[in-house]
Every structure is written in structure tokens, then in C-alpha cells.
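Shown next, in C-alpha cells, is the structure this report addresses.
The values are calculated or read from the model by the stated rules, or taken from the named source; none is laboratory data. Because the structure is a prediction, the values reported are computed rather than measured. Note that each Cβ is placed from the backbone with ideal geometry, even for glycine, and that neighbours are counted across all protein chains shown. The accessibility values were calculated without ligands, DNA or RNA, using every heavy atom of the protein model including side chains. Shrake-Rupley method; radii C 1.70, N 1.55, O 1.52, S 1.80 Å.
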Amino acid sequence: MTLRLSVDLSDSDLEYYRARLLDARRRCAQREESELVSATRKLLEQLRGTGLSEAVQSRLDALGDLASMLEDQEWAPEGEDRERIVAAMSYFANPTDVIPDNLPGLGYLDDALVAELVVRELRHDLDAYRDFCRHRAQQEQRGFKKQVKREDWLAAKRRQLFMRMRRRREGRRRRGSTLSPTPSILQYR
């Protein structure tokens, strides 16, 4: 038997999670970015094969792409783009959760909820990164043209995707899109 739950989050609910994310970012402020990524990857590895529901597991799996974005030297987001991802990683690298992880059946619901909020907020970043990875793989399969250096075509594609990502994010902000929480839950300054 499967039980389906639907959750509606009010503005005050979103404010609560925004405060938890901000608190996690403050507590992790002195930690190196690589530590945050490593802790998030460790959490994901620990959860594999533990019998989590598909709904929870799929939301947490998306965090792996965020970690990859920070580690990928050829993607290399900078400034605000990078800090938004680091802010998200802080919550998952922090052992203190809203719901203690050791509660059977419920322990990772808060992680899944925050992962869903973060992935919605960073969806343009994730789309751009996934497109970049596909483009890189396709170009590598085709082989390199001698007159174009690998670094040059990757840099051109990266610039194009970063511009698209920022344009879409800004458009969402102007329109007050319902596709992600408004205002932003990721506070990183």
C-alpha cells in the first residue's frame, strides 16, 4: 500500500525554511567549500540502499548535481552563482536537522523538502549545467577540430549557458513565478 501526501507551504512555512537555511549557512561559514560538498556527498552515499521512499530519494539525488557543479573545473560558477549553491550545500552538510534523521519513515522528509525547494530555486542553474555536460560529452564524442581548442569551445558554451541561466532567473524574479518559492529561500549574504 502506498500513501500519497501533498504539502502546501504558506509564506510563513517558507520563511521558516529560509531561516533554517540561513542558520545552516551561518554555522557552516567557516567550513571550506570542499568540506560542504564532501559532507553532502557522504549523506547521499549513506542514504543509497537504505529503503527511502522514491519521492525522498529522487529529491536528494538532485543534490549530487549541485555538488558536481561546484567540483567541475570546466563549469566553475563564480560569485553569486557559486554562493547560491554553497548556501544550499550548507543545509545538507549540517548534522542538525529540523526532523532528526534517525526517526524511521520521517527523518529525511525535511531534507527532501529543502532539497525540493533548493532544486526549484536553482533549476535554471541545474538546467544550464546539465546542458553543458551534454554538450561537452557530444563534442568529445565527435572529436576536436584542430583549429578550435577544447578550452575555447567549452568557454563559449559556458558563457552562453551562464547568460541564459541568469536571464531566466531574472525573468522569474520579475514575473514572480510560481514555479519556485517567491521570494528566494536561498539567502547567502
If I ask for residues that are more than 16 Å from the chain's Cα centre (by Cα) and open to solvent by less than 80 Å² (accessible area, probe 1.4 Å), which ones from the stretch 21-44 would you list?
Asp23, Cys28, Ala29, Arg31
Working only within the stretch 1-33, note down all residues that are in contact (Cβ under 8 Å) with a residue 12 or more places away in the chain and in a helix (DSSP H, G or I).
Leu14, Tyr17, Arg18, Arg20, Leu21, Leu22, Ala24, Arg25, Arg27, Glu33
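Picking from Phe132, Phe162, which residue would you name as being within 30 Å of Val56 (Cβ to Cβ) and modelled with pLDDT of 75 or more?
Just a single option satisfies the conditions, and that option is Phe132.
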Which condition from (1) under 23 Å from Arg18 (Cα atoms); (2) modelled with pLDDT of 85 or more; (3) open to solvent by 50 Å² or more (accessible area, probe 1.4 Å) is the one that Arg189 breaks?
(2)
Applying the selection to the stretch 45-96, what residues are in a loop (DSSP other than H, G, I, E, B), open to solvent by less than 30 Å² (accessible area, probe 1.4 Å) and either charged (D, E, K, R) or touching a His at 6+ places or on another chain (Cβ under 6 Å) (or both)?
Asp72
